[in-house]
Amino acid sequence: MLIGVVGKPNVGKSTLFKALTLADAYIANYPFATIKPNTGVGYIKIDCADKFFKVQCNPRVGFCIDHKRFVPIQIIDVAGLVPGAHEGRGMGNQFLDDLNQADALIHCIDLSGGTNEEGKPVAPGSYNPSNDIIFLEKELDYWYLRILKKGWEKFAREMQQGKEKPTIALSKRLAGVGVKEAMVDLALKRLNLEPLQMAKWTEADLFKLSSELRKASKPMVIACNKLDITGSMETFERLKKEFPEHKLVACSSESELALKEAHKKGLINYMPGDKDFTIAQDAKLTDKQKVALEFIRENVLKRFGTTGVQEVIDTAVLDVLKLIPIFPGGMSQLADSDGNVLPDCFLLPEGSTALDFAYKIHTDLGDNFIRAADVKKRLTVGKEYVLKPGDVIEIFAGK
């Protein structure tokens with residue numbers, strides 16, 4: 001799985017990426033500080049199944065603290081996009097193509113209104129960040145339109161000749177950006193477009209189709225950054241009313257980055273998403289560090305509950321992509337052959353079955369599936385059993 005971090009330059013996008021991953025990312029206060037995409041690993045935070053069994057798990061990847069499991073997610077941060085990116089402005093085509101394999105997007109905006117449409121600093125409150133939500137989605141829609149329209153007239157004629165099922169053919173054209181046949185079928189129905197009449201589709205029809213397919217294949221959460229700046233919360237409330245169908249999460253990436261780096265250096269004890277932190281025993285803080293940490297505590301954590309950064313990635317994976325965590329485990333024991341307790345956690349789409357889970361683990365388990373067991377309830381279940389978040393499942397297969 002891959003989550004892409006996008007947005008115009010200078011809105012704190014690379015800071016958000018670094019706060020999510022602690023990976024090295026070049027951060028500067030001017031447009032196009034990022035040229036080549038940064039890649040790293042972030043973590044969603046879920047309730048671990050080990051609490052149910054009153055044991056301590058040993059994750060093979062990720063980590064677990066106080067029965068909170070942190071499951072790794074690949075993240076890519078592409079260079080800032082500006083109006084006209086789909087036409088190549090600001091190397092936009094290259095940056096958009098970096099997002100091809102992303103399953104979902106985190107759109108970072110400057111909630112303070114302190115960055116204009118070109119990504120240049122302006123007085124806080126002088127720019128309306130709602131413009132950025134509209135602009136970026138249009139750029140992405142035009143990106144999809146560019147791919148869809150390539151050789152369109154010839155393609156439309158071939159479809160009229162019945163050479164291939166239209167929904168399959170359309171999905172192939174956009175397969176590189178994650179479009180599937182089911183997405184095409186649903187989009188055509190929503191737009192009331194007749195597949196066999198492609199040659200008669202207008203430019204407006206193609207654009208609407210591109211937009212529908214973009215929403216389906218690149219679902220998005222909007223990270224409303226710079227929450228700590230005066231007036232930002234009022235703007236956030238306005239944006240929620242203006243964009244009721246969007247997933248918006250307010251955050252302060254600078255605050256989260258500072259807390260994570262302080263924790264990494266052993267200065268504080270902090271778990272991502274927590275409402276507070278504690279100073280580590282024997283920590284030697286400078287006066288400047290004390291002031292900075294106290295500012296975050298009083299002006300971010302106490303006012304808003306968290307920095308919001310953990311909520312951003314959790315929302316992207318659990319709410320936008322609608323994935324659920326499932327743990328492999330045994331009725332007789334929870335440990336693997338190396339003695340690691342509940343070492344793995346898989347993320348599957350909502351509505352997945354026990355058979356889907358078997359295939360997720362290994363093709364042979366799916367092909368030779370006999371039955372499964374709900375380890376928590378100690379019940380045998382069949383292949384059509386619909387999984388629930390946090391289930392621990394054992395798969396039984398033949399040879």
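Some observations on this one:
- Taken together, I268, I222, I279 contain a single residue that is over 27 Å from G4 (Cβ atoms) and buried (at least 20 other Cβ atoms within 10 Å of the Cβ), which is I268.
- Members of the range 176-190 that are closer than 18 Å to D141 by Cβ and either of a type in the set (G, A, S) or at pLDDT below 95 (or both): G176, V177, G178, A187
- For the range 134-151, the criterion of being at pLDDT 95 or above and of a type in the set (F, W, Y) is met by no residue.
- Only one entry of L174, L213, L140, L145 meets the criterion of being closer than 29 Å to V5 by Cα and in contact with a Lys or Arg (Cβ under 6 Å, 6 or more places away or on another chain), and that entry is L140.
- Members of the range 168-179 found to be surrounded by 16 or more Cβ atoms within 10 Å (Cβ to Cβ) and in a helix (DSSP H, G or I), listed by number: A169, L170, S171, R173, V177
- When the strands (runs of 3 or more DSSP E) confined to the range 245-356 are screened for residues that are in contact with a helix residue (DSSP H, G or I) (Cβ under 7 Å, 6 or more places away or on another chain) and touching a residue at least 60 places away in the same chain (Cβ under 8 Å), those reaching at least 2 such residues are found at 247-250, 323-328.
- Qualifying residue in the range 215-224 (condition: in a loop (DSSP other than H, G, I, E, B) and β-branched (V, I, T)): no
- Of all residues in the range 322-339, those being farther than 13 Å from R60 by Cβ and of a type in the set (S, T, N, Q) number 2.
- Unmet requirement for Q101, which otherwise passes all of (1) exposed (fewer than 15 other Cβ atoms within 10 Å of the Cβ); (2) touching a strand residue (DSSP E or B) at 6+ places or on another chain (Cβ under 6 Å); (3) at pLDDT 90 or above: (3)
- Enumeration of residues in the range 180-196 that are of a type outside the set (D, E), under 15 Å from K208 (Cβ atoms) and either touching a residue at least 24 places away in the same chain (Cβ under 8 Å) or exposed (fewer than 15 other Cβ atoms within 10 Å of the Cβ) (or both): M183, V184, L186, A187, K189, R190, L191, N192, P195
- Residue within the range 293-303 that is touching a Gly at 6+ places or on another chain (Cβ under 7 Å) and at pLDDT 95 or above present: no
- Checked against the criterion of being of a type in the set (D, E) and within 30 Å of V41 (Cβ to Cβ), the candidates D374, D391 yield just one match: D391.
The values are calculated or read from the model by the stated rules, or taken from the named source; none is laboratory data. These numbers were taken from a predicted model, which means no experiment stands behind them. With ideal geometry, Cβ positions are generated from the backbone for all residues, glycine too; neighbour counts draw on all protein chains shown.
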